[in-house]
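The values are calculated or read from the model by the stated rules, or taken from the named source; none is laboratory data. A quick note: this is a predicted structure, and the numbers were derived from the prediction, not measured. Glycine gets a Cβ as well: all are built from the backbone with ideal geometry, and neighbour counts include every protein chain shown.
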Amino acid sequence: MATRLISAAVGIVIMVSMLILHKTFVLPFVTAGIIVIMLYELLRAVKLEKSIAILVAAFTYGITVPFIYSPRYSMISSPLTFAEYRENRGIILFLIALVCCFGVFVIWLNQHKKIRYEQIFFAIAAIILVPNAMSTMVRIDRDNPNHGVFFLVLGLCGAWIADSGAYFTGVAIGKHKLCPEISPKKTIEGFIGGIISTAVVFVACFAVYNNMIANNPMKEAIGSYIAVAVTGMFCAVIGTVGDLTASMIKRQIGFKDYGKIMPGHGGLMDRFDSVLFVLPTFYCLITIANNLNIL
């Protein structure tokens with residue numbers, strides 16, 4: 001228990017420091033570090049961690065993505081220039097991804113007797129998914145200059161509050177198993193409890209932030225609260241899918257944990273598995289809400 005608490009405390013300190021210094025290079029730097037560790041854990045899961053060339057290709061893309069998304073309005077001379085940069089950064093990322101994936105396939109051709117196609121396609125999926133999903137932390141902050149850090153905290157809550165809500169609800173009243181073969185402890189009652197608790201937390205956080213903290217409050221109406229609650233519910237559902245997916249991969253591979261970087265908790269993939277799915281979903285939903293002038 002003491003080990004788990006110490007690991008959790010260290011993780012909290014790192015995350016809080018990242019949020020406090022979110023306007024600096026610290027946010028993309030920490031994000032890149034998380035991505036690299038998660039990629040290593042996933043490649044280790046399919047026994048590719050000893051292939052230095054594949055690691056280099058994966059880490060190159062993983063480190064690049066958060067910094068490509070890093071510039072904010074204040075870092076570029078004019079809104080027009082920033083808009084042009086935002087329009088072209090997708091092409092830049094596509095080219096880098098293409099080069100890195102091409103490198104992986106060249107390595108596979110050279111080592112086809114040692115590396116199977118399942119390993120390669122798993123690696124390609126991880127290289128594309130993890131950096132782009134986790135870099136949403138940077139996109140949420142940079143694309144929302146007035147409320148970026150609040151949305152970032154809320155998005156992370158969307159991944160982790162649902163898990164806590166589901167756990168406590170499941171312990172209290174859980175009787176019917178959700179996916180017994182994948183995650184025996186998850187219950188349907190816990191799943192519903194996680195959805196409700198996330199919606200409540202989202203609405204409460206929105207109300208407190210908008211009325212007591214925000215310098216430039218967002219639009220506040222019944223529609224805004226409904227949008228926030230629905231966003232929370234979506235995040236809870238998506239987070240559960242992400243958690244179950246990561247658990248299924250571990251079971252099929254035969255792993256208990258993806259890593260040991262957080263003693264008592266496992267690896268970063270064990271902590272951020274639901275975040276991989278939740279943050280992109282959250283980013284899309286708040287972008288839609290902003291475009292519709294709901295928030």
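The table below lists the values:
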| item | result |
| --- | --- |
| Single unsatisfied condition, PHE121 versus (1) within 27 Å of GLY254 (Cβ to Cβ); (2) in contact with a helix residue (DSSP H, G or I) (Cβ under 6 Å, 6 or more places away or on another chain) | (2) |
| Scope segment 74-112; condition surrounded by fewer than 17 Cβ atoms within 10 Å (Cβ to Cβ), at pLDDT 90 or above and either basic (Lys, Arg) or more than 28 Å from the chain's Cα centre (by Cα) (or both); matching residues | VAL106, LEU109, ASN110, GLN111 |
| Selection status of ALA166, surrounded by 20 or more Cβ atoms within 10 Å (Cβ to Cβ) and either in the same structural domain as PRO71 (by TED's automatic domain parsing) or of a type in the set (A, V, I, L, M, F, W, C) (or both) | yes |
| Selection from segment 204-216 of residues that are more than 21 Å from the chain's Cα centre (by Cα), hydrophobic (A, V, I, L, M, F, W, C), in a helix (DSSP H, G or I) and surrounded by 11 or more Cβ atoms within 10 Å (Cβ to Cβ) | ALA204, ALA207, VAL208, ILE213 |
| ALA133 touching an Asp or Glu at 6+ places or on another chain (Cβ under 9 Å) and among the small types (Gly, Ala, Ser) | no |
| Members of segment 176-196 that are out of contact with any helix residue (DSSP H, G or I) (no Cβ under 7 Å at 6 or more places or on another chain) and among the acidic types (Asp, Glu) | GLU181 |
| From the options ILE173, ILE140, residue that is modelled with pLDDT of 85 or more, in contact with a helix residue (DSSP H, G or I) (Cβ under 6 Å, 6 or more places away or on another chain), surrounded by fewer than 19 Cβ atoms within 10 Å (Cβ to Cβ) and not small (Gly, Ala, Ser) | ILE173 |
| Which numbered condition LYS114 misses (of (1) assigned to a helix (DSSP H, G or I); (2) without any contact (Cβ under 8 Å) to a residue 24 or more places away in the chain) | (1) |
| Residue among ALA199, ALA172, ALA204 that is more than 22 Å from SER224 (Cα to Cα), out of contact with any His (no Cβ under 8 Å at 6 or more places or on another chain) and without any contact (Cβ under 8 Å) to a residue 60 or more places away in the chain | ALA172 |
| Test for ALA229: is it in a helix (DSSP H, G or I), farther than 17 Å from SER164 by Cβ and either not hydroxyl-bearing (Ser, Thr, Tyr) or not assigned by TED's automatic domain parsing to the domain that holds LEU156 (or both) | yes |
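Residue by residue, here is whether (1) surrounded by fewer than 20 Cβ atoms within 10 Å (Cβ to Cβ); (2) not assigned by TED's automatic domain parsing to the domain that holds GLU41 holds:
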| position | (1), (2) |
| --- | --- |
| LYS114 | yes, no |
| ALA123 | no, no |
| ILE188 | yes, yes |
| PHE202 | no, yes |
